[in-house]
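Novice: This structure is in structure tokens; I'll ask about it shortly.
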Amino acid sequence: MSNLKVGGGLLATLTAVKAIKSLMHYYQDHSKKLRGIKIVVLGANGFVGNRVAQSLLEKKTYSAPGSEKEYEIRELLLFDLVLSETTQGLAKNDVRVTLIEGDITDN
């Protein structure tokens, strides 16, 4: 059962990455209207997700692959089934962080 969950999480993450890339192309075309971006990290409680969140908070900006433009990160949504104290600590230290605890398969 855990293999199915891991596979589903990976598929959901890849889908989210594809959506983020599409959004970044849109934002590049409409950059004059853009004041900042919102990034969603799925699996934020996991090893990779937590480090991605920490890195984004430290950088404070995001640049799409192949782009020279940098965008201010105005909000970082951290999403996972269970959020640890470490992940919750990120929200306490930065007002841009929003925590969402739940399952992406919930209706």
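The values are calculated or read from the model by the stated rules, or taken from the named source; none is laboratory data. Since we're looking at a predicted model, the values are computed, not measured. Quick reminder, even Gly has a Cβ in these numbers, built from the backbone with ideal geometry, and neighbours come from all protein chains shown. Calculation scope for accessible area: heavy atoms of the full protein, side chains included, ligands and nucleic acids excluded. Shrake-Rupley method; radii C 1.70, N 1.55, O 1.52, S 1.80 Å.
Novice: If you scan the range 55-64, which residues turn out to be of a type in the set (S, T, N, Q) and open to solvent by 40 Å² or more (accessible area, probe 1.4 Å)?
Specialist: Looking only at the range 55-64, we keep the residues that are of a type in the set (S, T, N, Q), and these are 55, 61, 63.
Once the filter is applied, which keeps residues that are of a type in the set (S, T, N, Q) and open to solvent by 40 Å² or more (accessible area, probe 1.4 Å), the range 55-64 yields only Ser55.
Novice: Kindly check whether there is at least one residue in the range 82-91 that is modelled with pLDDT under 70 and under 19 Å from Asp106 (Cβ atoms). Show your work before the answer.
Specialist: Taking the range 82-91 and keeping what is modelled with pLDDT under 70, we get none.
Looking for residues that are modelled with pLDDT under 70 and under 19 Å from Asp106 (Cβ atoms), one finds none in the range 82-91, hence no.
Novice: Another question, then. For Ala44, state whether it is surrounded by 11 or more Cβ atoms within 10 Å (Cβ to Cβ) and modelled with pLDDT under 90.
Specialist: no
Novice: If Asn50 meets every condition in (1) of a type in the set (S, T, N, Q); (2) more than 14 Å from Ile37 (Cβ to Cβ); (3) out of contact with any helix residue (DSSP H, G or I) (no Cβ under 8 Å at 6 or more places or on another chain) apart from one, which number is that one?
Specialist: It fails just one condition, (3).
Novice: Any idea which residue in the range 65-84 is farthest from Asn50 (Cα to Cα), counting only those that are open to solvent by less than 30 Å² (accessible area, probe 1.4 Å) and in contact with a strand residue (DSSP E or B) (Cβ under 7 Å, 6 or more places away or on another chain)?
Specialist: At the first step, the residues of the range 65-84 found to be open to solvent by less than 30 Å² (accessible area, probe 1.4 Å) are 67, 71, 73, 76-78, 83.
Right, trim to in contact with a strand residue (DSSP E or B) (Cβ under 7 Å, 6 or more places away or on another chain) and you get 71, 73, 76-78, 83.
Working: Tyr71: 21, Ile73: 16, Leu76: 12, Leu77: 12, Leu78: 9, Leu83: 10 Å.
The qualifying residue farthest from Asn50 (Cα to Cα) is Tyr71.
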